[in-house]
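The block underneath contains the structure these notes are about, expressed in structure tokens.
The values are calculated or read from the model by the stated rules, or taken from the named source; none is laboratory data. Since this is a predicted model, take the numbers as computed values, not measurements. Glycine also receives a Cβ, built like all others from the backbone with ideal geometry; neighbour counts cover every protein chain displayed. With ligands, DNA and RNA removed, areas are computed over all heavy atoms of the protein, side chains included. Shrake-Rupley method; radii C 1.70, N 1.55, O 1.52, S 1.80 Å.
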Amino acid sequence: RDRHVWVSVSSDLYEDAKRDLSDLGLDGYAVDHCHNLGKLPYGDLESRYGMGIMFCTYQTLIAKNREGGTRLDQLIDWCGGEDFDGLILLDECHKAKTIELDAEGNPKTTGNDEKDKSSKSAI
């Protein structure tokens, strides 16, 4: 198992994730093989990031580039699609319980963002 996914609520927690790995005795692995998807370019990740842990936020998973490519599709491709056998760690997953989909089934926003919008519009 060469590839794993760590999803959390904030990109600020990327360094905390690396520290957690180091605390488990994986210092070198954390430095060399823990990648922040939100900071990487869209497109093929396989050639440059062949193994490791891909860290991302729930918000990153619904991001799209100008050409319509999604971070989720990019992540699935990097993981190997249906052949993926790695670990998926959902940190603070209660924050993702209300991700909404549009009519075509594409993610459009997280529930917390929607909740914030509706509270502001009530003012």
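See the values below:
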{"quantity": "Hits in segment 18-37 (condition: closer than 18 Å to Cys79 by Cα and surrounded by fewer than 16 Cβ atoms within 10 Å (Cβ to Cβ))", "calculated": "Asp32"}
{"quantity": "Residues located in segment 38-50, provided they are in contact with a strand residue (DSSP E or B) (Cβ under 7 Å, 6 or more places away or on another chain) and under 20 Å from Asp16 (Cα atoms)", "calculated": "Gly38"}
{"quantity": "Qualifying residue in segment 108-120 (condition: in a loop (DSSP other than H, G, I, E, B), open to solvent by 80 Å² or more (accessible area, probe 1.4 Å) and modelled with pLDDT under 85)", "calculated": "no"}
{"quantity": "Residue list for segment 80-101, filter: in a helix (DSSP H, G or I), at pLDDT 70 or above and either open to solvent by less than 60 Å² (accessible area, probe 1.4 Å) or closer than 18 Å to Asp2 by Cα (or both)", "calculated": "Gly81, Glu82, Asp83"}
{"quantity": "Scope segment 25-55; condition aliphatic (A, V, I, L, M) and in contact (Cβ under 8 Å) with a residue 40 or more places away in the chain; matching residues", "calculated": "Met51, Ile53, Met54"}
{"quantity": "Test: residue in segment 40-56 that is over 15 Å from Ile88 (Cα atoms) and part of a helix (DSSP H, G or I)", "calculated": "no"}
{"quantity": "Enumeration of residues in segment 38-79 that are of a type in the set (D, E, K, R) and open to solvent by 30 Å² or more (accessible area, probe 1.4 Å)", "calculated": "Lys39, Asp44, Glu46, Arg48, Lys64, Arg66, Glu67, Asp73, Asp77"}
